[in-house]
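Colleague: Following this message is one structure expressed as structure tokens.
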Amino acid sequence: MRASRLVTGAAAVLSVGSVASVAVAEEIKVVLSEEPDIVDPCEASRSNVGRVVKQNVAETLTEIDPDDGSITPRLATSWEQVDDVTWRFKLQEGVTFHDGSPFNAENAAYAINRTLDDTLDCEVRIKFFGGMEVTPVPVDELTLDIKTAEPAPILPTMMGTMTIVGPNTPMGERTRDPIGTGPYRFANWDVGQSITLEAFEDYWGEKPVIDKATYVFRGESAVAAAMVEAGEADIAPNIAVQDATNPEMDHSYFNSETSRLRIDMQLPPLDDIRVRKALNLAVDREAFRGSIFSEEVVPATQLVTPAVSGYNPDLKVWPYDPEQAKALLAEAAADGVPVDTEIRLVGRYNIYPNATEAAEALAQMFRDVGFNIRLEMNEVANWVDIFTKPFAEDRPPSLQQAQHDNNNGDAVFTVFFKYHSDGGQSTTTNEELDTLIEQATVATGDERRRLWQEAFRMIHEDIVADVDMFHMVGFTRISPRLDFEPNISMNSELQIAKIGLK
């Protein structure tokens, strides 16, 4: 859908001169809301990294269609299941890495082993392959077997998340100079200023229209939007609803993000389910719609969107009931739960547009029913440290502002990482849920879907692991000189090779 359905105010008129002021036709400038703190492709599952390097610099064996979750060839031409625990991938011929190294089964295996090396602690491993034992085995120059300890029925889909880097990428340490096979090579990172990608002349696929992409960083949504309107930039992928005022340039769409507050259930008073229920009852979700967020955001009951296999349509949105929230806190206090303990609300600047305003509103709603809340806004690097294991032993009880994208079609890309006891970002420790997750991971068809739906029911009703917020709407401003439409994966992956010129 176009932004004309959502925006208010008069459309600005863009002069011919301002369009022409953008750099030469084969170059574009992208203005991002936050700078990546790291550019290693093994962290491409993090949105601030993936939108720069995934499929631009480093490609995957398969590619996942964000619209329907289907998979298509990328660096692999085909795949087949050899036995219950082995998948065989045939690889593209004539592919080279940006440093001239050949792409073959041996080098693909090296890249996979590097990402899965637990000393490197890559988010791709933690998020998508947590709890799995995976072994790549070269068969011949262009044939690669991938073996797993347990059946992995959707492994070809999972390989759509695994970026392949060159064999000269160091094992066991992150790189600031990523080498891949993609249509663009990583040309320069001027920290604090810009990142530049340049077209790779020996790219194996179709030559892209855009020769050079420069990323700059502006934390203020209004500034990013103004840059595109003035012809100083070509794309602002993530602007706020109040800045989407130009129907000629602005596009709105349901993205794959779901916002929430993660509850650290391991510490009192948050280890009491009555307290967690009170948090959910304290939130007036309707107050966010049409103000801080678009009026078209959808209140969430789980961390995946309806398009994901395993989504449970029967779950109910928490009602706004501050009196019931107060009653639950009083009941917990009467039983000795220290409900007056200060709780830290860990926010992140620009995790989504109007993130600070959203965190401030939530903090006040919690205070209004009796919680002792301290809001702390963080830059991305510090936020990741707090959000990801190992958790600090001396941490205070916390809520963490977060959003999660799953445009990969299956709940497995969400549930282990976020809710299994061994999940890299999980504060949940529930043996029954762990067993359910493990069963769903190896199941197929309707049984797989049913098990994931039951897992989401447990998380929402029996455990209350989150303060559920919204399935989000994204706003992107695009120069009229570009031939490009954003899709649901825009916040986590922006393929420059798919951008054309009018």
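Just so it is clear, none of the values below were taken in a lab; they were calculated from the coordinates. Keep in mind that what you see is a predicted model, and the values were worked out from it rather than measured. All Cβ positions, even for glycine, are placed from backbone atoms using ideal geometry, and neighbour counts span all protein chains on display.
Colleague: Each residue of segment 55-63 in order: what ³J(HN,Hα) in whole Hz does its phi give by Karplus 6.51 cos²θ - 1.76 cosθ + 1.60, θ = phi - 60°, with x for Gly and Pro?
Modeller: Going residue by residue, I get 6, 8, 9, 10, 9, 10, 5, 10, 10 Hz, with x marking Gly and Pro.
Colleague: How much FRET efficiency would the formula 1/(1 + (r/R0)^6) give for Gln324 and Asp65, where r is the Cβ-Cβ distance and R0 is 25 Å, rounded to 0.05?
Modeller: Numbers: r = 43 Å, r/R0 = 1.71.
Efficiency for this residue pair is about 0.05.
Colleague: Wrap a convex hull around the Cα atoms of segment 220-351, take a quarter of its surface area, and give that in square nanometres.
Modeller: On the way: hull surface 42.0 nm².
So the Cα hull casts an average projection of 10.5 nm².
Colleague: Pull out a ≥ b ≥ c, the square roots of the eigenvalues of the alpha-carbon gyration tensor of segment 41-161, then state rounded if a/c is under 1.5, prolate if not and a/b is larger than b/c, and oblate in the remaining case. Spell out each step's value before the answer.
Modeller: On the way: a/c = 1.25, a/b = 1.07, b/c = 1.17.
It is rounded, given that a/c, with a ≥ b ≥ c, falls under 1.5.
Colleague: Give the long-range amide H neighbours of Thr175: residues separated by 5 or more places, or on another chain, with amide H under 5 Å away, using H modelled in the peptide plane at 1.01 Å from N.
Modeller: It is Asp40, by chain and number.
Colleague: Put a dot 7 Å past each Cα toward the Cβ at Leu267 and Lys498; how far apart are the dots in nm?
Modeller: 4.0 nm
Colleague: Can you tell which of Met227, Ala187, Ile64 lies farthest toward the positive end of the dipole of the chain, using +1 and -1 charges on the Cβ of basic and acidic side chains (Lys, Arg; Asp, Glu)?
Modeller: Met227
Colleague: Report the Stokes-Einstein translational diffusion coefficient (µm² s⁻¹, integer) for segment 122-178, Rh taken as the Kirkwood radius over Cα pairs, at 4 °C with viscosity 1.567 mPa s. Intermediate values should be presented prior to the final figure.
Modeller: Values: Rh = 13.1 Å.
Result for D is 99 µm²/s.
Colleague: Only Lys, Arg, Asp and Glu count, each charged at its Cβ (+1, +1, -1, -1), so figure out the dipole size of segment 255-473 about its Cα centre, rounded to 20 debye. Mind showing how you got there, number by number?
Modeller: Working: 20 positive and 37 negative charges, 54 e Å.
My answer is approximately 260 debye.
Colleague: Equivalent-ellipsoid semi-axes (√(5λ), Cα gyration tensor) for segment 131-238, whole Å, largest first?
Modeller: Details: eigenvalues 249, 64, 46 Å².
The three semi-axes for segment 131-238 are 35, 18, 15 Å.
Colleague: Would you work out if segment 255-473 is rounded, prolate or oblate? Take a ≥ b ≥ c from the square roots of the eigenvalues of the alpha-carbon gyration tensor; rounded if a/c is under 1.5, else prolate when a/b is larger than b/c, oblate otherwise. Could you put the intermediate results ahead of the total?
Modeller: Working: a/c = 1.45, a/b = 1.28, b/c = 1.13.
Because its axes are fairly even, with a/c under 1.5, segment 255-473 counts as rounded.
Colleague: Dipole size in debye (nearest 20) for segment 264-304 around its Cα centre, Lys and Arg Cβ +1, Asp and Glu Cβ -1? Numbers along the way, then the final one.
Modeller: Details: 5 positive and 7 negative charges, 26 e Å.
Around 120 debye, computed over segment 264-304.
Colleague: Just the Kirkwood number for segment 357-502, please: inverse of mean 1/r across all distinct Cα pairs, in Å, one decimal. Please list the in-between numbers first.
Modeller: Numbers: mean 1/r = 0.0544 Å⁻¹.
Hydrodynamic radius (Kirkwood, Cα only) of segment 357-502 equals 18.4 Å.
Colleague: What share of Cα pairs, in percent, lie more than 44 angstrom apart in the chain?
Modeller: Details: 17483 of 125751 pairs.
That fraction is 14 percent.
Colleague: Now a separate question. Going from the alpha-carbon gyration tensor of segment 215-256, what semi-axes, largest first and in whole Å, does one get by taking the root of 5 times each eigenvalue? Before the final figure, lay out the partial values.
Modeller: On the way: eigenvalues 49, 30, 19 Å².
Calculated on Cα positions only, the semi-axes equal 16, 12, 10 Å.
Colleague: Could you tell me whether segment 350-408 comes out rounded, prolate or oblate from its Cα gyration tensor? Rule is a ≥ b ≥ c as square roots of the eigenvalues, rounded for a/c under 1.5, then prolate if a/b exceeds b/c, otherwise oblate. Walk me through the numbers on the way to the answer.
Modeller: On the way: a/c = 1.91, a/b = 1.17, b/c = 1.63.
The shape class here is oblate.
Colleague: If you take every DSSP beta bridge whose two residues both sit in segment 255-473, what share of them, in percent to the nearest 5, is antiparallel? Intermediate values should be presented prior to the final figure.
Modeller: Working: 13 of 25 bridges.
Taking every DSSP beta bridge with both residues in segment 255-473, the antiparallel ones total about 50 percent.
Colleague: Okay, next question. Which value in deg cm²/dmol, rounded to the nearest 500, describes the helix-derived mean residue ellipticity at 222 nm for the chain, given -39,500 (n - 2.57) per DSSP H run of n ≥ 4 and division by the residue count?
Modeller: On the way: 13 runs with 120 residues, N = 502.
The per-residue figure over the chain is -7000 deg cm²/dmol.
Colleague: Mind jotting down the distance between the C-alpha centroids of segment 403-464 and segment 335-349, whole Å?
Modeller: 26 Å
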